[in-house]
1. Can you tell me how many residues within the stretch 156-194 are part of a loop (DSSP other than H, G, I, E, B) and either of a type in the set (S, T, N, Q) or within 16 Å of ligand 3 (Cβ to nearest atom) (or both)?
2. Can you name the residue in the stretch 25-48 that is under 14 Å from SER77 (Cα atoms) and away from ligand 2 (no atom under 15 Å from the Cβ) and is also surrounded by the most Cβ atoms within 10 Å (Cβ to Cβ) among such residues?
3. When you go through (1) assigned to a strand (DSSP E or B); (2) among the hydroxyl-bearing types (Ser, Thr, Tyr); (3) within 12 Å of ligand 3 (Cβ to nearest atom) one by one for TYR36, which number turns out not to apply?
4. Picking from VAL86, VAL51, which residue would you name as being within 13 Å of ligand 3 (Cβ to nearest atom), surrounded by 14 or more Cβ atoms within 10 Å (Cβ to Cβ) and either of a type outside the set (Phe, Trp, Tyr) or within 30 Å of ASN167 (Cβ to Cβ) (or both)?
5. Within the stretch 140-152, can one find any residue that is surrounded by 12 or more Cβ atoms within 10 Å (Cβ to Cβ), modelled with pLDDT of 95 or more and either away from ligand 1 (no atom under 16 Å from the Cβ) or of a type in the set (A, V, I, L, M, F, W, C) (or both)?
6. How about the stretch 87-116: which of its residues are of a type in the set (Ser, Thr, Tyr) and in a helix (DSSP H, G or I)?
7. Identify the single condition in (1) over 30 Å from CYS153 (Cβ atoms); (2) crowded, with 21+ Cβ neighbours inside 10 Å that GLN68 does not satisfy, given that it satisfies every other one.
8. Which of the residues belonging to the stretch 76-86 are among the charged types (D, E, K, R) and part of a helix (DSSP H, G or I)?
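The values are calculated or read from the model by the stated rules, or taken from the named source; none is laboratory data. Note that the coordinates shown come from a computational prediction; the quantities given were computed from them, not determined experimentally. Reconstructed Cβ throughout: ideal geometry from the backbone, glycine too, with neighbour counts over all protein chains shown.
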Amino acid sequence: MDIKLTIDGKEIEVPQGTMLLDACRKAGADIPTFCYDPDLKLAGSCRMCVVQPKGWRNLVASCVTPAQNGMVIETESPDVIEARKVILELMLARHKLTCHTCEKDGECRLQDYCYRYGVTESRFAGKVHNLFKDESNPFIERDYDKCIMCTRCVRACEEITGARAINVMERGYHAHIATAFDGELADSPCVFCGQCIMVCQ
Ligand code: SF4
Ligand code: SF4
Ligand code: FES
């Protein structure tokens, strides 16, 4: 059964069970995402994809919120823009801003979205981790000060490769992606398939 909703003034029909993100994209809206990957289980953790349903108290993460019949959605309202700016600034607060020497320069979502929303610096005091950089093998270098904790690598490792070599360790500011006991990849179940790198942004 199809349902009808209005997105940025455009009425569309989608099958029941469709997530708002897909409905918004069907309506032509350009919704930014970090943790979402169509080939992986939903995490709903970064909240970059928030949109504003009319009459609702809160913004909702569109990638994990099913579309409902009669919804009226705004995808770039002032509240949505402000929420996305805060998310970007929180990320920048612990991100090493060495874009000019970064290999991902020019193909980085964080960079793209900061440009799109005019975010050049962070209001939030933070410090980069300066954790160790794992360069113990020729295939994968891990630089924690570049990670935005989207967990796509963890899900790819588990769901695509089935290796479960990496996971989120600790919570809050100290949260980071690591092997068991924070060891080197070479000492973990990692098979160096490269799936984690493919999904890293
Ligand atoms: S390279 Fe290692 S850590 Fe990365 S997805 Fe493959 S098995 Fe997992
Ligand atoms: S290493 Fe990359 S894919 Fe993994 S959480 Fe960090 S930014 Fe996301
Ligand atoms: S992309 Fe929707 S919560 Fe991360």
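1. Looking only at the stretch 156-194, we keep the residues that are part of a loop (DSSP other than H, G, I, E, B), and these are 162-166, 170-171, 175, 179, 183-184, 188-194.
Subsequent filtering for residues that are either of a type in the set (S, T, N, Q) or within 16 Å of ligand 3 (Cβ to nearest atom) (or both) retains 175, 179, 188.
Residues in the stretch 156-194 being part of a loop (DSSP other than H, G, I, E, B) and either of a type in the set (S, T, N, Q) or within 16 Å of ligand 3 (Cβ to nearest atom) (or both): 3 in total.
2. So, considering only residues that are under 14 Å from SER77 (Cα atoms) and away from ligand 2 (no atom under 15 Å from the Cβ), the one surrounded by the most Cβ atoms within 10 Å (Cβ to Cβ) is ILE31.
3. Against the list (1) assigned to a strand (DSSP E or B); (2) among the hydroxyl-bearing types (Ser, Thr, Tyr); (3) within 12 Å of ligand 3 (Cβ to nearest atom), TYR36 comes up short only on (1).
4. Numbers: VAL86 fails: within 13 Å of ligand 3 (Cβ to nearest atom).
None of the other options fit; the residue is VAL51.
5. Yes, the conditions are met somewhere in the stretch 140-152.
6. Of all residues in the stretch 87-116, those of a type in the set (Ser, Thr, Tyr) come to 98, 101, 113, 115.
Residues satisfying the conditions are THR101, TYR113, TYR115.
7. Condition not satisfied by GLN68: (2).
8. Our first condition is that a residue be among the charged types (D, E, K, R); within the stretch 76-86, this holds for 76, 79, 82, 84-85.
The answer is ASP79, GLU82, ARG84, LYS85.
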